[in-house]
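Written out below as structure tokens is the structure these notes cover.
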């Protein structure tokens with residue numbers, strides 16, 4: 001009995017729900033309710049203040065992440081508002097493969113519509129996407145279609161509701177309406193709005209804008225919703241180029257090369273009073289709309305034989321801006337600089353005279369004038385008019401190496417001008433401490449050092465404009481996306497190069513050089529043209545190849561235009577060393593462009609404009625020209641922007657009895673042209 005009692009289960013007493021327990025439960029419930037209230041208020045606050053930001057973050061994580069909305073790259077205009085480069089809106093065809101396959105009735109009509117509507121899109125193209133990318137929500141079918149092509153496709157969609165999953169995104173193609181005009185200055189763009197050469201490269205950051213973005217997602221009704229943040233378009237550039245002047249220059253280059261030909265030919269036209277480049281061109285004008293096309297320059301067989309590396313080298317040669325990237329020995333066009341330095345330092349006077357007997361003995365080395373019988377006594381003005389090397393060597397000797405070298409650098413040689421274009425070269429000067437007497441003699445008339453065309457044009461402008469050296473430039477204004485002027489280029493005065501007296505003397509002497517001296521071919525009826533010729537023998541001297549040139553200004557009493565023409569190795573001519581080729585080309589260009597620039601005749605003109613040779617090297621004029629430039633000893637090699645030089649000092653110069661040019665240098669007289677420089681014996 002007792003055992004049974006022991007096995008009975010013990011029952012615990014039931015606790016009662018007391019008032020204390022009830023109070024605790026109410027407290028916990030109150031805390032939870034308060035926390036939930038705070039959370040709701042916080043969510044409402046965030047939604048009000050940062051809702052858009054969090055919405056974009058969420059949208060960016062959806063199946064439709066985002067697509068870029070392209071900006072429109074800014075245009076490039078000439079100084080008169082003519083459009084030289086612009087970005088044209090086009091459309092890319094996008095296929096949502098996943099949606100097109102979401103229903104069997106969509107796939108076939110969509111495939112057929114795409115193949116029938118767009119060139120180069122076949123049904124196989126679409127089938128490959130169906131097979132290989134069935135889950136793709138963004139596949140580019142075709143790029144760069146026109147608005148009309150897009151509208152035609154949309155009309156098909158309206159007729160057949162089973163054409164699904166196709167949409168269009170905006171894009172831009174770069175266009176150059178005048179194709180080859182100003183190709184050296186403009187440059188072009190590669191994929192992704194990457195500027196290559198010219199203004200397109202130098203001002204690429206200004207021309208480019210900022211892409212917008214389109215957020216997309218699928219809502220609960222399986223509809224595509226989009227939110228767009230618009231793109232910021234790029235700014236536009238108003239250049240200093242005058243497209244009419246540029247066209248005239250390029251046509252004259254083409255005409256010369258059609259009649260004769262050249263290794264290269266460069267022309268720079270600029271305003272000497274502010275540094276604005278009005279035109280800039282060289283031989284290889286290429287189509288900016290198709291810059292990688294080699295067919296205008298090489299035959300199909302030549303192109304087929306080229307490796308990829310050779311093709312790239314050929315293209316870089318075509319794209320290269322000869323007027324700023326290539327350096328060469330300038331020849332006698334440098335003589336005004338030597339005279340200016342002497343006048344500024346009072347080592348010579350405007351009324352000084354010099355005696356030319358046809359040769360100078362420089363440290364035991366004989367350096368001839370082209371007229372080996374000599375010009376006789378010449379004034380400083382006549383030294384320019386007749387391009388007398390003897391006189392220039394005497395002036396150089398008076399200046400000395402230190403003074404001459406200092407002024408050479410002061411006039412901008414051996415350093416970049418700062419022009420707002422990529423690829424500018426420095427040119428090569430002989431160091432002051434290595435400038436021996438023979439090098440000084442040859443440097444004085446523009447041999448044995450190298451310069452670029454833009455260095456010569458900028459420096460010469462300062463000699464004739466009163467002594468103001470302005471930085472050359474091709475950008476005039478920046479326009480914002482609305483067309484308003486965002487900024488304007490104010491002419492940049494770099495230095496004062498010469499006095500007004502020196503400038504006036506040079507203008508008068510240069511005017512007489514065109515009227516009566518070596519540069520008569522540059523005359524333009526009714527205009528006061530002044531200038532200087534150059535005939536530089538290139539290295540290696542034994543090849544007897546020449547670069548001829550002319551640099552001048554109009555009108556000489558108040559220069560408004562400076563023109564510089566360089567012809568590197570004229571082809572198919574009786575005599576390559578014929579500076580009249582350059583002067584006549586300059587005269588033809590000036591005759592055409594001066595009215596375009598609203599510079600009108602101020603002088604009485606006659607039918608006769610001075611002696612003009614009947615052909616290359618065939619001279620019939622009356623003004624005596626016993627000119628020339630002696631190429632000193634071992635001279636600087638023809639330069640490019642790599643900066644290599646073969647220049648040396650007087651110690652390596654050829655000595656008496658050694659023919660430096662591989663043959664006898666004749667000192668024949670010329671009535672209009674300038675004869676080549678005689679080499680030191």
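The values are calculated or read from the model by the stated rules, or taken from the named source; none is laboratory data. Treat the numbers as computed from the prediction; the structure is a model and nothing was measured. Here Cβ is always computed from backbone atoms with ideal geometry, including for glycine, and neighbour counts include all displayed protein chains.
Here is a yes/no grid of residues against (1) closer than 29 Å to residue 274 by Cβ; (2) within 24 Å of the chain's Cα centre (by Cα); (3) at pLDDT 95 or above; (4) surrounded by 19 or more Cβ atoms within 10 Å (Cβ to Cβ):
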{"site": "442", "(1), (2), (3), (4)": "no, no, yes, yes"}
{"site": "448", "(1), (2), (3), (4)": "no, no, yes, yes"}
{"site": "459", "(1), (2), (3), (4)": "yes, yes, yes, yes"}
{"site": "463", "(1), (2), (3), (4)": "yes, no, yes, yes"}
{"site": "468", "(1), (2), (3), (4)": "yes, no, yes, yes"}
{"site": "492", "(1), (2), (3), (4)": "yes, yes, yes, no"}
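Conditions tested, residue by residue: (1) outside the structural domain of residue 562 (by TED's automatic domain parsing); (2) in a loop (DSSP other than H, G, I, E, B).
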site	(1), (2)
252	no, no
263	no, no
294	yes, yes
297	yes, yes
303	yes, no
309	yes, no
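Restrict the check to the range 526-547 and report whether at least one residue is assigned by TED's automatic domain parsing to the domain that holds residue 344 and under 25 Å from the mean Cα position of the chain (by Cα).
yes
Screening residue 415 on (1) surrounded by 18 or more Cβ atoms within 10 Å (Cβ to Cβ); (2) closer than 30 Å to residue 240 by Cβ shows it passes everything except condition (1). Going through (1) surrounded by fewer than 23 Cβ atoms within 10 Å (Cβ to Cβ); (2) within 21 Å of residue 263 (Cβ to Cβ) one by one, residue 322 falls short only on (1).
Screening residue 278 against (1) surrounded by fewer than 18 Cβ atoms within 10 Å (Cβ to Cβ); (2) in the same structural domain as residue 565 (by TED's automatic domain parsing) leaves a single unmet condition, (1). When 331, 358 are checked against the criterion of being within 27 Å of residue 531 (Cβ to Cβ), surrounded by fewer than 22 Cβ atoms within 10 Å (Cβ to Cβ), in contact with a strand residue (DSSP E or B) (Cβ under 8 Å, 6 or more places away or on another chain) and touching a residue at least 60 places away in the same chain (Cβ under 8 Å), a single residue qualifies: 358. Criterion applied to 438, 478 was being buried (at least 24 other Cβ atoms within 10 Å of the Cβ) and either assigned to a loop (DSSP other than H, G, I, E, B) or touching a strand residue (DSSP E or B) at 6+ places or on another chain (Cβ under 6 Å) (or both), and the one residue passing it is 438.
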